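The structure follows.
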Amino acid sequence: FYFLFVGAIGFVFKKLNRNSSDYFAGGFKLTWWLLGTSVFVSNISAWTFTGAAHIAYTYGTVIFVVTLTDIIGYVLGFAWFAPRLRQIRVVTAMLAVRKRFSRQSELVYTWFSIIGSMVSAMVWMIAVSVVLSSIFEIPQAATILCTGATVAVMSLYGGRWAVIASDFIQLGLLLSVSLAVFFLAVYRLGGFG
């Protein structure tokens, strides 16, 4: 049901995309809290609940430092980069590199971004496939194909609006499940004492 729901989001938001500005930047009508939600949720993956949990259990506060660096990055992006990108009126960081430096610099930045994004996506997809394939007892390859196809359909058809809506829904699910697990764990442990 969730896969169908997420896939359908792309078709629902398709009508909001009348031009490339709507498709890539939500027509510049997205609010700060929607964008913040999207950035926050985009950095959460299955690794957060598997690998990061293992690091927290094994090494203690090391994972807190990793999370703290994310927060520092968000604040730096908000305070330093966002006003400058807004000032030169660009939609993507690639366009900012082209305007500030050259087309060759833009190509280098773009290719490094694409390669880095693909590696991150592969790691995340493998982590998701490990979790989902063990829960639903289906092959990992099928899980990767299904998950990848669902995300591709949603984002290709719906553009930025669909991605933002999906991220917002995922945050609601994430918070509710995390709170439920927290209270159930505290209850099973016999309280805070």
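The values are calculated or read from the model by the stated rules, or taken from the named source; none is laboratory data. Note that this is a predicted model, so its numbers are computed, not measured. Every residue, glycine among them, receives a Cβ derived from its backbone with ideal geometry; neighbour counts consider all protein chains shown. We work out accessible area using only protein heavy atoms, side chains counted, and drop any ligands, DNA or RNA first. Shrake-Rupley method; radii C 1.70, N 1.55, O 1.52, S 1.80 Å.
Is it the case that some residue within the stretch 77-92 is part of a helix (DSSP H, G or I), touching a Phe, Trp or Tyr at 6+ places or on another chain (Cβ under 9 Å), in contact (Cβ under 8 Å) with a residue 12 or more places away in the chain and on the phi < 0 side of the Ramachandran plot?
no
Taking the stretch 84-116, which residues are open to solvent by 70 Å² or more (accessible area, probe 1.4 Å), modelled with pLDDT of 85 or more and of a type in the set (S, T, N, Q)?
Gln104
Of the residues Ser134, Ser176, Ser155, Ser166, only one is open to solvent by 70 Å² or more (accessible area, probe 1.4 Å), polar (S, T, N, Q), part of a helix (DSSP H, G or I) and out of contact with any Ser or Thr (no Cβ under 6 Å at 6 or more places or on another chain); which?
Ser134
So, one more: Considering only the stretch 43-73, state which residues are in contact (Cβ under 8 Å) with a residue 12 or more places away in the chain and open to solvent by less than 50 Å² (accessible area, probe 1.4 Å).
Once the filter is applied, which keeps residues that are in contact (Cβ under 8 Å) with a residue 12 or more places away in the chain and open to solvent by less than 50 Å² (accessible area, probe 1.4 Å), the stretch 43-73 yields Ile44, Ser45, Ala46, Gly51, Ala52.
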